[in-house]
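*Asks:* Have a look at this one.
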Ligand code: SF4
């Protein structure tokens, strides 16, 4: 779980923040480029979400972060974000919502016809296991 006491000096104060445990895996800037940006060895919040959709996507990035480095002071949308996965990303391919710290944020994916996440893309278990782990960290 991201800690406010370990918060990086984001240029914009507000609900979302990134802490020092970020491994710069690029997941959050890919998911919500209007909010997160890659820095020098870490990502940071460049702008707080301006819309509800952006706030929801930021909560999804919080859930997907492999190191639990994204925090939300309000925790608004986080429970719903956990249940918003799997998310269609490319045709038949779904993003399960779990990324692996061991492979610098490799995205767990599966096809619509396969109930399990792809082990080869870095997921260490089933979609349910991954989301459960993400949810535990996000809501602690
Ligand atoms: S998803 Fe997490 S580890 Fe990856 S860049 Fe964003 S804050 Fe860092």
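Bear in mind these aren't lab numbers, they're just calculated from the coordinates by the rules spelled out. The structure presented is a predicted model; accordingly, all values stated were derived computationally and were not measured. Here the Cβ is made from the backbone with ideal geometry for all residues, glycine too, and neighbour counts use every protein chain on show.
*Asks:* Regarding the stretch 1-44, what is the average projected area of its C-alpha convex hull, in nm²?
*Replies:* The directionally averaged projection comes out at 3.0 nm².
*Asks:* Show log10 I(q)/I(0) for the stretch 79-118 at q = 0.14, 0.34 Å⁻¹, two decimals, from a solvent-free Debye sum over equal Cα scatterers.
*Replies:* -0.30, -1.09
*Asks:* Now a separate question. Please check which bits of the stretch 50-83 a label hung off residue 116 would reach, taking the label as a point 7 Å along Cα-to-C-beta and the cut-off as backbone N under 12 Å.
*Replies:* none
*Asks:* Using just the alpha carbons, could you tell me how many Å³ per residue the convex hull of the stretch 1-113 encloses?
*Replies:* 96
*Asks:* Another question, then. Taking a temperature of 25 °C and a viscosity of 0.890 mPa s, what whole-number D in µm²/s does Stokes-Einstein yield for the stretch 52-106 with Rh from Kirkwood over alpha carbon pairs?
*Replies:* Reported coefficient: 210 µm²/s.
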